[in-house]
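The values are calculated or read from the model by the stated rules, or taken from the named source; none is laboratory data. All figures in this text were calculated on a predicted structure; none of them were measured in a lab. Cβ: placed from backbone, ideal geometry, glycine included. Neighbour counts: every protein chain shown.
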Amino acid sequence: MVLPFLSINDFKLEFKPEHEIFRKSVREFVEREVIPRIAEMEKTRTIPRDLHEKAAQQGFFGIDIPIKYGGQGGDTLMMVLLSEELCRAYPAFSTYLLVHGLFTYPILKYGTEEQKKKYLPQIASGEKLAAHASTEASGGSDPAGIQTTAKKINNHWVLTGRKMFITSGDIANYYIVPARTSSPPSRRERWRGITCFIVERDWIGVSASRMEMVGLKASHTAEVIFDDVKVPEENVLGPIGEGFKILMDTYDHGRIGVAAQAVGLTQNAFEKSLNYALQRNVFEKPIISYQAIQFYLTDILTELLAARFLTYWAAYLADQGRPEAIFVASIAKAYATEVAERAALKTINIHAGYGVAVENYVDMLLRDAEIMKIYEGTNEIQRMITIRQLLKKVFGIDLLGLS
Ligand SMILES: Cc1cc2nc3c(=O)[nH]c(=O)nc-3n(C[C@H](O)[C@H](O)[C@H](O)COP(=O)(O)OP(=O)(O)OC[C@H]3O[C@@H](n4cnc5c(N)ncnc54)[C@H](O)[C@@H]3O)c2cc1C
């Protein structure tokens, strides 16, 4: 045994030829359509509609949605490559596109056939936008403690609550919303009694207002209020009272995409730093000839490669249906996002004055990396998940009592 794996044969990674073809096609797309428009998007704090349409034509909105529901039928590795390449170009655009997974994944896994047919094709085509509204003002790390409620009245539910920091919350057409539908049976089982709902933004009682964040400027973040919203019975997602498990499963899957975002951001930091170090002359020599700068570059590259291997491996394990994918994804998310932060700081150091001049967007790397450390579970929470999952999947010990 190579604790916590069985043997060295578990440390394997295989790509298909279509993975590289796809990665190259995304690279060409972002070089042509996204990178030239970064200044515009940072200024307007929004993704232009024509860029949305072009991404939709490429099938980017439905990359991991099955062909049957209008998507591309790609695997987790495909989603990771999309996330990485988009993020290398412009992280806010990658968040705008990939947040859909937090809506489509739970519907695909727990939804009824009617829910899948109704919602998935509209998202896959880019016709509608979706969001995932779980976090509340009282704290995002503890979804079992949410205070939004839903009460059953005749054949519908009445949903009341306030959600914070919701990506695309003010522009999405649809949301996944967890709410408490019954009191937990005990303190140990406080996660029980939460139910997930599919809610539409144009229903009476739904309102949203945008929040301003320091990073991911063009990705909208919003507070969303549900004020006695009438939700039909057919919009309950999954079993009543078991929504917490749906949330955990959704984040287990989604955080591989955040790790990939961080890898893309670090790739950008490395390329920017290398190019600048080669062309910037100080004391009559390019700064790359100085050992301090060489050390910075080597350190960024070392961590970038390690983060990329971890992230691809997490995706590969997920595609093989391996339970270890969950804790490898948590490790990859925490590690890759902290690597991104360190790489962003070194990139600012290498650029010095130009690194903090607003029009160069070097500081954007740091602002965006900070958010990646927080969303889809902070890195403190990832470290807790790592140990919990390791104990559960490898040793059969269930600390949360979720079984
Ligand atoms: C730009 C952006 C977009 C977002 N998009 C979405 C979205 O689309 N949908 C959504 O539902 N949410 C979204 N979030 C919310 C995000 O998931 C939460 O911010 C995150 O889960 C942390 O919650 P919190 O900010 O309330 O921090 P808190 O939960 O209050 O945590 C505060 C601090 O305490 C630490 N902490 C908490 N509990 C523990 C513990 N048990 N042990 C050790 N440390 C602990 C945390 O790591 C953190 O450092 C988004 C956030 C941002 C910034």
Pick from segment 379-403, criterion modelled with pLDDT of 95 or more and of a type in the set (D, E, K, R), ranking: nearest to the ligand (Cβ to nearest atom)
Glu380
The number of residues in segment 63-75 that are outside any loop (DSSP other than H, G, I, E, B) and crowded, with 24+ Cβ neighbours inside 10 Å is 0
Residue list for segment 79-127, restricted to those being within 16 Å of the ligand (Cβ to nearest atom), of a type outside the set (Val, Ile, Thr) and either assigned by TED's automatic domain parsing to the domain that holds Cys196 or not in a helix (DSSP H, G or I) (or both)
Tyr90, His100
All but one of (1) away from the ligand (no atom under 16 Å from the Cβ); (2) not assigned by TED's automatic domain parsing to the domain that holds Arg342 hold for Ala269, so report the exception by its number.
(2)
Failed item, numbered, when Gly238 is tested on (1) assigned by TED's automatic domain parsing to the domain that holds Val358; (2) touching a helix residue (DSSP H, G or I) at 6+ places or on another chain (Cβ under 6 Å); (3) farther than 18 Å from Pro91 by Cβ
(1)
Going through Val199, Val206, Val214 one at a time, which residue ends up being outside the structural domain of Tyr105 (by TED's automatic domain parsing), modelled with pLDDT of 95 or more, surrounded by fewer than 20 Cβ atoms within 10 Å (Cβ to Cβ) and within 15 Å of the ligand (Cβ to nearest atom)?
Val214
All but one of (1) of a type outside the set (Gly, Ala, Ser); (2) buried (at least 23 other Cβ atoms within 10 Å of the Cβ); (3) more than 18 Å from the chain's Cα centre (by Cα) hold for Val99; state the number of the condition that does not hold.
(3)
When the residues of segment 354-365 are filtered to those that are in contact with an Asp or Glu (Cβ under 8 Å, 6 or more places away or on another chain) and surrounded by 21 or more Cβ atoms within 10 Å (Cβ to Cβ), which remaining residue is nearest to Gly140 (Cα to Cα)?
Met364
In segment 312-360, which residues are among the β-branched types (Val, Ile, Thr), over 15 Å from the mean Cα position of the chain (by Cα) and at pLDDT below 95?
Val358
I'm trying to understand the selection: among the residues of segment 87-111, which are of a type outside the set (Ser, Thr, Tyr), more than 18 Å from Leu216 (Cα to Cα) and touching a Phe, Trp or Tyr at 6+ places or on another chain (Cβ under 9 Å)?
Phe103, Ile107, Leu108, Gly111
If a residue must be assigned to a loop (DSSP other than H, G, I, E, B) and touching a Lys or Arg at 6+ places or on another chain (Cβ under 9 Å), how many such residues does segment 47-62 contain?
1
Segment 217-241 - residue that is part of a helix (DSSP H, G or I) and in contact with a strand residue (DSSP E or B) (Cβ under 8 Å, 6 or more places away or on another chain) and, of those, nearest to the ligand (Cβ to nearest atom)
Asn235
Can you tell me how many residues in segment 129-178 are within 8 Å of the ligand (Cβ to nearest atom), assigned to a strand (DSSP E or B) and under 17 Å from the mean Cα position of the chain (by Cα)?
6
Condition check for Pro232: assigned by TED's automatic domain parsing to the domain that holds Ala315, surrounded by fewer than 22 Cβ atoms within 10 Å (Cβ to Cβ) and not hydrophobic (A, V, I, L, M, F, W, C)
no
Return yes when Glu376 is in contact (Cβ under 8 Å) with a residue 24 or more places away in the chain, within 16 Å of the ligand (Cβ to nearest atom) and in a helix (DSSP H, G or I) and no when it is not.
no
List every residue pair whose Cβ atoms sit under 8 Å apart, with the two residues 6 or more apart in sequence or on different chains, where the first one lies in segment 9-20 and is under 14 Å from Ala318 (Cβ atoms) and acidic (Asp, Glu) and the second, anywhere, is at pLDDT 95 or above and outside any loop (DSSP other than H, G, I, E, B).
Glu14/Tyr316
Residue check, Phe244 part of a helix (DSSP H, G or I), at pLDDT 95 or above and aromatic (Phe, Trp, Tyr):
yes
